[in-house]
1. Note down the magnitude of the dipole of segment 121-197 about its Cα centre, charges +1 on Lys and Arg C-beta and -1 on Asp and Glu C-beta and zero elsewhere, to the nearest 20 debye.
2. Starting with the highest mean, order 96-106, 187-197 by the number of other Cβ atoms within 10 Å, averaged over the residues of each peptide.
3. Suppose R0 equals 51 Å. What FRET efficiency, 1/(1 + (r/R0)^6) with r the Cβ-Cβ distance, do Gln29 and Asp166 give to the nearest 0.05?
4. Measuring from label point to label point, each 7 Å out along Cα→Cβ, what is the Thr105 to Asn312 span in nm?
5. With the convex hull built on the Cα atoms of segment 121-197, state its orientation-averaged projected area in nm².
6. Can you tell me what the convex hull of the Cα atoms of segment 241-283 projects to on average, as an area in nm²?
Amino acid sequence: MKIFLIIITLLLTQSFADKTVIKTITVNQMLYPNKTLSELKKIAVQKAKLSAAKEIFGEFLLSETVMVNGKILDDVVREKSGGVVHIKGEPKFQNGENFGDLQVTIEAYATDEEIQDMTPQFIKIDDFTYSNPDIPARDLKIAAEGAFIVEAISSKKPSIVSASVDEARKLVLSVEITKASYDEESATYTMSGRVEYIPSFLRNADLDKGREDIVDRTKNILYSSVERIQKVKRGFYGVWSGFIMRSNGGSGDVMIEITETGIGTIDYNSLNCGGELIIQSKTANIVKFKEVLTYGEDKCVNKHFIDLKKLNNTQLLLMQYNEENKEVARGTLYRE
């Protein structure tokens, strides 16, 4: 009987096993002169969780498609939907090797169920039909593909049935049409195929929030003539973080802070380097910086140029250029 109970316990433990990683991250207080120690600790823990999420969830989390079309990193790390990156015990803080370094070590984990919930899955649809007399024949195929996507994901999230095609496309990773035919007499397309999506992302998608962002972007046009960055309503100032994909095939996490006085700093956590961002020019939607490293010069290339393009009030597109004006990296950053 005792052996039987041990076997059952082992089986249950295996069924609910989790993936655990230990991450140590260093931030330098000199890059955050306006932050208290408590605030700096929160930034360090946030960066450690971001690094842990990268390892736990694997390559798909770093996919450029995922980063551009959705807010996977936002949902995973900031735990807006309950979170799928957890910390065992308390973060351990200590001083780093360099002056001003604050080092944090966390033991982070996600359960098998949560990992599965963040793993891409497919919705298959056969013989989907679409017709619309108000759409010209030349545009009907594109409209049919859009309706196909809405039909597929609304089977998992019914509220999406009333969403626009553009909103629906942002909730899927890929679309594969395996068969398509057009009947001229009835002006009807028939399609079969499948749509790739991430369950957690689809379940927690907030389409109403997307509509609010459109309204906010419209309002911000009124501020396009304002000189100082901080006067743009909900503009560039604040803390932004995310991943960039480099032209050489590498990737890494980035954190940028722009103060209300226009002072900028950048931190490449995975490379342990960073420095100042010096404004070169600015408009309502794009700010151009010159990057000057203040630490880790032996690990990073100095004097890059960085363009930050405002996508909406919570997202920036980062584009990094070398001294020859060749793009060397890009990625999406999210407001903290």
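1. Numbers: 9 positive and 13 negative charges, 81 e Å.
Using Cβ point charges on Lys, Arg, Asp and Glu, segment 121-197 gives about 380 debye.
2. Working: 96-106: 15.7, 187-197: 19.0.
Ranked by mean Cβ neighbours within 10 Å, highest first: 187-197, 96-106.
3. Working: r = 43 Å, r/R0 = 0.84.
My answer for the efficiency is 0.75.
4. Calculated label separation equals 4.1 nm.
5. On the way: hull surface 19.5 nm².
Seen from a random direction, the Cα hull of segment 121-197 projects 4.9 nm² on average.
6. Values: hull surface 15.4 nm².
It is 3.9 nm².
Coordinate-derived values only; no laboratory data. Keep in mind that what you see is a predicted model, and the values were worked out from it rather than measured. Here the Cβ is made from the backbone with ideal geometry for all residues, glycine too, and neighbour counts use every protein chain on show.
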